[in-house]
Amino acid sequence: MKRSEAREALLVLLYEMSFNPAEELEDTILKEKDNRDLDDPYLIDAVHGIYEHLSEIDEKIGAKIHGWRLNRLSRISHAILRISVYEMLYADIPFSISINEAVELAKKYDSDEAPAFINGVLNAVAEAANLKK
């Protein structure tokens, strides 16, 4: 599976998991394995990493969505932001690649306004984390 395909599968998985936050992570992954290929190492590492660092990731996002609250974001936008922030801060993916991939996911799955919003938030997160040197 290509990395972009794995990101797309990760987005779908995080989106679906957002409807069942109380459900155990491993149980959700096992259920979803029946519906899609979830054996990609990046995907499995990323979903576990996102949930391991969920509060820190959401804190970074929340600090940069001026005038918004996390619970007001669409579930798709929130999942895309979580993936990209995880990649930039915890998976050593270059911020420019991660942001570009996030914008592409937003163009495909989110509203017309989402790509610009996501780009702005992620650039602010990258700048605050001193990734833009």
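The values are calculated or read from the model by the stated rules, or taken from the named source; none is laboratory data. Keep in mind it's a predicted model, so treat the numbers as computed, not measured. Please note: Cβ atoms are built from the backbone with ideal geometry, for glycine as well, and neighbour counts cover all protein chains shown.
Would you point out the residue of region 15-57, among those that are among the acidic types (Asp, Glu), surrounded by 13 or more Cβ atoms within 10 Å (Cβ to Cβ) and at pLDDT below 85, that is nearest to residue 5 (Cα to Cα)?
Selected residue: 40.
Of the conditions (1) of a type in the set (Lys, Arg); (2) at pLDDT 95 or above; (3) within 24 Å of residue 1 (Cα to Cα), residue 60 satisfies every one except a single condition; which number is it?
(3)
Which of the residues spanning region 47-83 are closer than 18 Å to residue 114 by Cα, of a type outside the set (D, E, K, R) and in contact (Cβ under 8 Å) with a residue 40 or more places away in the chain?
Hits for region 47-83 are 61, 63, 65, 74, 76, 77, 78, 79, 80, 81, 83.
Given the condition polar (S, T, N, Q), farther than 16 Å from residue 15 by Cβ and touching a residue at least 24 places away in the same chain (Cβ under 8 Å), answer yes or no: does some residue in region 119-127 qualify?
Yes: region 119-127 contains one or more residues that are polar (S, T, N, Q), farther than 16 Å from residue 15 by Cβ and touching a residue at least 24 places away in the same chain (Cβ under 8 Å).
State which residue is surrounded by the most Cβ atoms within 10 Å (Cβ to Cβ) when the search covers only region 84-112 and only residues that are more than 17 Å from residue 12 (Cβ to Cβ) and touching a residue at least 40 places away in the same chain (Cβ under 8 Å).
Once the filter is applied, the top-ranked residue is 85.
Tell me, which residue of region 59-70 that is closer than 23 Å to residue 107 by Cβ and touching a helix residue (DSSP H, G or I) at 6+ places or on another chain (Cβ under 8 Å) is surrounded by the fewest Cβ atoms within 10 Å (Cβ to Cβ)?
70
For residue 73, all conditions in the list (1) hydrophobic (A, V, I, L, M, F, W, C); (2) surrounded by 20 or more Cβ atoms within 10 Å (Cβ to Cβ); (3) more than 14 Å from the chain's Cα centre (by Cα) hold save one; what is the number of the exception?
(3)
Please verify whether residue 130 is among the polar types (S, T, N, Q) and either farther than 19 Å from residue 20 by Cα or in contact with a helix residue (DSSP H, G or I) (Cβ under 6 Å, 6 or more places away or on another chain) (or both), treating the condition exactly as stated.
Spelling it out, residue 130 is indeed among the polar types (S, T, N, Q) and either farther than 19 Å from residue 20 by Cα or in contact with a helix residue (DSSP H, G or I) (Cβ under 6 Å, 6 or more places away or on another chain) (or both).
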